[in-house]
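Notes to accompany the following structure.
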Amino acid sequence: MTSTDGIPHRGDWEEHYPTETAYGRTYPAPADWVFSDFTQGGLSLSWRRYEDIGHDHTDDHDVVEAHGFSKDAGTPDEKAILMPALKYEYVETDSGIERHPVADPPDRKLAIGSETVLEVYQPFEEHELLAAVAAILERHSNDEGYDEIVRAMELVDPENDQTLDEWL
């Protein structure tokens, strides 16, 4: 069942996509992606993609097993990270050049490799964000487009205190 707002399985992504549990929370591990770790003190989530392995092997141990119990799972084919996305500009002050956050910075961004594919403004619900991330990672693995998912998430308006439900 696909939702009509551009985010597939928005309400039931945990039942639709393979998942991993870390520290009592559930994270998507769709297609060839394996949930990797928290970084930046838990502010960022990361995934690794092992092409042709992740479909049936959704955690690190299973990937290692699929690689014949080698010492590690090897170099991933791709990496993705969901991280805080504060943007800065450099401003000249009496003290010299200083770095200042720009107005209304995006709250989170998803990068696959070195390419930013999604920037999300607050407010948003974590469950909806993870549904979008799951769909984007799956479609990326399958060489399918995910522009409608990106557009749906970027519709959140940071200046008007609106959620996705109110906005759509």
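The values are calculated or read from the model by the stated rules, or taken from the named source; none is laboratory data. Since this is a predicted model, take the numbers as computed values, not measurements. All accessible areas refer to the heavy atoms of the entire protein, side chains included, with ligands and DNA or RNA removed. Shrake-Rupley method; radii C 1.70, N 1.55, O 1.52, S 1.80 Å.
Quick notes on this structure:
- With DNA, RNA and ligands ignored, accessible area of residue 17 (1.4 Å probe; Å², nearest 10): 10
- Residues with amide H under 5 Å from that of residue 44, placed H, sequence gap 5 or more: 39
- Exposure of residue 125 as accessible area (Å², to 10), given a probe of 1.4 Å and all protein chains: 90
- Under Karplus coefficients 6.51, -1.76 and 1.60, residue-wise ³J(HN,Hα) of the range 127-135 in Hz, glycine/proline x: 4, 5, 5, 5, 4, 5, 4, 4, 5
- Placing 83, 153 in order of accessible area, with the largest value first and a 1.4 Å probe, yields 83, 153.
- Amide H contacts under 5 Å for residue 29, placed H, 5+ residues apart: 19, 20
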